[in-house]
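Here is the structure we will look at, set down as C-alpha cells.
Just so it is clear, none of the values below were taken in a lab; they were calculated from the coordinates. Since this is a predicted model, take the numbers as computed values, not measurements. So basically every Cβ, Gly included, is an ideal-geometry build from the backbone, and we count neighbours across all protein chains shown.
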Amino acid sequence: MASRNQWELFGFDLRYLAQAISGAWRSVFLDYHSPVRKFLDVDVSVLRLSPCKSFEGSELDHQVDALVFPESQILVKKVVLPRAALFNIGQIVQSEMLASSPFLPEDTVRAIRVNDEGEKAIELWLAIASRTIVMSKIHQVSPSASVDDYEVWAEVEADTLVFEGFGEHKRNLLYKKRLMAVLGMSVASIASLVVLMALPMVYQYDRLEKTEELLNSSRQEAVTVMTHRAELLESNSRLRYLQDQLRMAAQPLMPLKALSVGFGDDSWLAGYEHFGSTVKIDAYSDNAANLIKQLTDGDEFTSVKPTSAIRQVGRNDIDRVRLELKLSGDAGGSR
C-alpha cells in the first residue's frame, strides 16, 4: 500500500501516465470514430453482405473498399469496465478473446471499439470472426481479391467496428498522411502568425537599437567636441599669454619710460626688475612719499605697492624705498 501511494498524485497513478497520454492521443486522432478522423478520413465505398445472397465478380462495383458483415455472421461481446481499465485495454481484449473465441488463435481476427462517455464506466465492444470464413466471403465477392484489397467491417447497434489485418492499413496510411499535412499546415500557420505578431516588435527593437547607437555616437561626438573646446580654450589662453609676452618683449623700454615720467629730478633708481607687467624697483629720493604719490597719480601704473619701509640713508637724509609696480595696459602693452 505504501509503495502504491508513492506513485499517486491527486488519486492518479503516475505509472499509467504514458498509457493515459497515448490513449488520449488515440481517442482524439487515431480511433475510427474520433472527431478529427471523421473530418479528415478518406471516403470509403461500402457493400453490405447478406447471408442469403451470393455475389459474382462481374456484378461487383469496383469502387467497393469495405465489406460489412452482418451481426449474425460474427461473434459480438459487450463488456462494461471501470475507467481505470483503459490503461490495460489490450490485455483485457486478449483475455476476452481467449475466453470467448471458438476459433484457433492464429485463425481469429478481432474488431474492437471503446465507447467512453466520460462516466465512471466504459463500454468495450469486441467482435470476433474466423479469418478463413472472412476470406471465403471476400472471394465470393471477388475471386481475385487478396487480403489487402478490402476492409472488413461489422455493424453492431449502429456502430461500426473495423477488423484488423485486412485492407484498413491503406486507409490508415492515407489518413496519417492527411493528418501530418494538416498538422504541418497548422504549425506553419501558427508559426506565420507568431512571426507576423513579432514583426512589429522586431521592427521597434531594431529602431530602438539604431536610436541607441545614434545616441551613443552623439554622446561620443559631444565628448570629443567638449575636449576640443577645452583644448581650444587652453590654446587661446596660451596664445594670449604669448601675445602679451611678445608685446612686452617688443617694448622693453616702455616701463623705463613710464618711470622717467613719474620720477623727478630728486629721485633715481638703484635697482630695476621687470617681469611681464610687474616692475620692482629700488629707488632713492629726497622725498619717498612724494615719489610714491607721483607714481600713483600717473596713468602709467595701476598699482604702486611698497615692499619695504621707507628708510633714510646717508648724511643727507636720502630716502630709500622698494616698490612693486603694476603697469597699465598702455604702458605694458598687455591690453
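Sequence-ordered 3J(HN,Hα) estimates for the range 125-131 from the Karplus curve with 6.51, -1.76 and 1.60 and θ = phi - 60° stand at 9, 10, 10, 10, 8, 8, 4 Hz, glycine and proline given as x. Charged side chains reduced to their Cβ positions (Lys and Arg at +1, Asp and Glu at -1) give the range 63-161 a dipole of some 300 debye around its Cα centre.
Only Lys, Arg, Asp and Glu carry charge here, each on its Cβ (+1 for the first two, -1 for the last two); on that basis the range 166-293 has a dipole of about 1680 debye about its Cα centre. Select from Val225, Ala289, Phe263 the residue farthest towards the positive end of the dipole of the range 180-335; place +1 on Cβ of Lys and Arg, -1 on Cβ of Asp and Glu, and compute about the Cα centre. Of the listed residues, the answer is Val225. Extension gain for the segment Leu253 to Thr160, taken as residue separation times 0.36 nm less the Cα-Cα distance, is 20.5 nm to one decimal. Between Glu106 and Lys210, the simple spin-label model (points 7 angstrom out along Cα→Cβ) gives 7.7 nm.
Coupling constants for the range 287-303 follow from the phi torsions by the Karplus curve (6.51 cos²θ - 1.76 cosθ + 1.60, θ = phi - 60°), and in residue order they are 9, 5, 5, 5, 4, 4, 5, 5, 5, 6, 6, x, 8, 6, 10, 8, 8 Hz; glycine and proline get x. Each residue of the range 155-165 is assigned a 3J(HN,Hα), and the resulting list reads 9, 10, 6, 6, 9, 9, 10, 10, 6, 8, x Hz, derived from the Karplus form 6.51 cos²θ - 1.76 cosθ + 1.60 (θ = phi - 60°), x at Gly and Pro. Annotation: the residues Tyr272, Tyr150, Tyr175, sorted from fewest to most other C-beta atoms within 10 Å of their own C-beta, follow the order Tyr272, Tyr175, Tyr150. Under 5 Å between amide hydrogens, built in the peptide plane, is the criterion, and for Thr108 it picks out Arg131 among residues at least 5 positions away or on other chains. Applying 0.36 nm per residue to the separation of Glu119 and Asp265 and subtracting their alpha-carbon distance, the gain on full extension is 39.0 nm.
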